[in-house]
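Each remark here refers to the structure printed beneath this line.
The values are calculated or read from the model by the stated rules, or taken from the named source; none is laboratory data. For clarity, every value in this text was computed on a predicted model and none was experimentally measured. Every residue, glycine as well, gets a Cβ built from its backbone with ideal geometry; the counts of neighbours run over all protein chains shown.
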Amino acid sequence: MNILEQIVFEKKQNLKRVQPYNFKEIEAIIATARCQSNLWVNLFNQKNEPVIIAEIKLGSPSRGSIISHEAVPYYLSEYQRAGASALSVVTEEKYFKGNTTLLKKVIQNTYLPVLRKDFVINDTQIYQSAYFGVGALLIIAKILSLSKIRKFINLCELLNIIPLVEIHDQQDLEKAIEAGVNFIGINNRNLATLEVSLHTTESLLPGIPDHATVVCESGIRSREDLQRFMNMGINHFLIGECLLFHSQPGEVLRELKGVRKSASSKNMWDNPS
């Protein structure tokens, strides 16, 4: 069993212990899930400059612990001051050290739209995401059947969540196309082996429909990497470890964007609105 299979297996076991939402709770969630999806649509419609989704990730299977929970306010503040377009929060518990408490705290203390990254395998996780106010949700094609992808896309749209369908190979791409996706994330990391290759995006990009917005995920280390993909027509990037392993993530983010340092602003974490 590879690491991806292990994560999904354990996720299934854990979700068996989660109480599903009842009908009245679902009705209430649908009635209030309106907050962030328009922000994501606007971001995905931007075409002429780099749109960077900066990641909050406490750990990973390949790197172990990355940052502490106590360090999150600093990274959040740095991302906001440096001009991140949006945030990604990884909520998988065992291997990525995340949780929904972290997700809620970030959402409460930022004006930026938030993408939730997890291994989504059932409806409850999607309803939960809407309840927390998530505007976009990662849907990993590798771990889902075509019918599940379609079902999850439809449910996300009902709840005003943007479904970002993640692919890594040709089989994933074919499922995504058949499911009629509008937002595709190309993960340059093989989730089974954890190896990273930017060639993944290069090889899959020609097969993606023109109407779909593409997000390049994993492996971006420099302005040169980013420019390489912008020259191919991609301008949306999800960037994590390049920022998280640097003591001044805001400086790195500004370098990636090709802009000079901006004036400082208050720490939104310490002063929630």
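Find the residue count for segment 127-161, including only residues that are among the small types (Gly, Ala, Ser) and surrounded by 23 or more Cβ atoms within 10 Å (Cβ to Cβ).
5
Is it fair to say SER203 is at pLDDT below 95 and hydroxyl-bearing (Ser, Thr, Tyr)?
Criteria not met by SER203.
How many of the residues making up segment 214-227 are of a type outside the set (A, V, I, L, M, F, W, C) and within 17 Å of ASN187 (Cβ to Cβ)?
Residues flagged as of a type outside the set (A, V, I, L, M, F, W, C) and within 17 Å of ASN187 (Cβ to Cβ) within segment 214-227 amount to 5.
Just give me the residues in segment 44-68 being buried (at least 19 other Cβ atoms within 10 Å of the Cβ), touching a residue at least 60 places away in the same chain (Cβ under 8 Å) and part of a loop (DSSP other than H, G, I, E, B), in sequence order.
PRO50, LYS57, ILE66
Select from segment 219-235 the residues that are of a type in the set (S, T, N, Q) and within 19 Å of PHE183 (Cβ to Cβ) and list them in ascending order.
ASN235, the sole residue that qualifies.
Which of the following residues is modelled with pLDDT of 95 or more and either within 21 Å of GLN6 (Cα to Cα) or of a type in the set (Gly, Ala, Ser) (or both): ILE167, ILE177?
ILE167
GLY180 versus (1) touching a Cys at 6+ places or on another chain (Cβ under 7 Å); (2) surrounded by fewer than 22 Cβ atoms within 10 Å (Cβ to Cβ); (3) touching a residue at least 24 places away in the same chain (Cβ under 8 Å): which is the lone unmet condition?
Condition not satisfied by GLY180: (1).
Which one of the conditions (1) among the hydrophobic types (A, V, I, L, M, F, W, C); (2) over 21 Å from VAL41 (Cβ atoms); (3) at pLDDT 95 or above; (4) in contact with a helix residue (DSSP H, G or I) (Cβ under 9 Å, 6 or more places away or on another chain) does ALA192 fail to meet, given that it meets all the rest?
Every listed condition holds for ALA192 apart from (3).
Tell me the residue from VAL18, VAL41 that is of a type in the set (A, V, I, L, M, F, W, C) and either under 30 Å from MET230 (Cβ atoms) or surrounded by 15 or more Cβ atoms within 10 Å (Cβ to Cβ) (or both), please.
Result: VAL41 is the single residue among VAL18, VAL41 that is of a type in the set (A, V, I, L, M, F, W, C) and either under 30 Å from MET230 (Cβ atoms) or surrounded by 15 or more Cβ atoms within 10 Å (Cβ to Cβ) (or both).
Rundown of residues vs (1) within 15 Å of the chain's Cα centre (by Cα); (2) not polar (S, T, N, Q), yes/no style:
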| site | (1), (2) |
| --- | --- |
| ALA82 | no, yes |
| THR100 | yes, no |
| SER129 | yes, no |
| GLY135 | yes, yes |
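Output the number of the condition that SER265 fails; it satisfies all remaining conditions of (1) assigned to a loop (DSSP other than H, G, I, E, B); (2) modelled with pLDDT of 95 or more.
SER265 satisfies all of (1) assigned to a loop (DSSP other than H, G, I, E, B); (2) modelled with pLDDT of 95 or more except (2).
From the residues in segment 183-202 that are within 19 Å of the chain's Cα centre (by Cα) and in a loop (DSSP other than H, G, I, E, B), which one is surrounded by the fewest Cβ atoms within 10 Å (Cβ to Cβ)?
So, considering only residues that are within 19 Å of the chain's Cα centre (by Cα) and in a loop (DSSP other than H, G, I, E, B), the one surrounded by the fewest Cβ atoms within 10 Å (Cβ to Cβ) is GLU195.
List the number of the failed condition for PRO73; all other conditions in (1) surrounded by fewer than 19 Cβ atoms within 10 Å (Cβ to Cβ); (2) modelled with pLDDT of 95 or more; (3) not in a helix (DSSP H, G or I) hold.
(3)
Check off (1) under 18 Å from the mean Cα position of the chain (by Cα); (2) outside any helix (DSSP H, G or I); (3) modelled with pLDDT under 90 for ARG34 and give me the number that stays unchecked.
If we test ARG34 against (1) under 18 Å from the mean Cα position of the chain (by Cα); (2) outside any helix (DSSP H, G or I); (3) modelled with pLDDT under 90, just (1) comes out false.
Scanning for something part of a loop (DSSP other than H, G, I, E, B), surrounded by fewer than 22 Cβ atoms within 10 Å (Cβ to Cβ) and not acidic (Asp, Glu), does segment 162-176 turn up at least one residue?
no
How many residues, within segment 69-99, are under 28 Å from VAL18 (Cα atoms), touching a residue at least 12 places away in the same chain (Cβ under 8 Å) and not aromatic (Phe, Trp, Tyr)?
12
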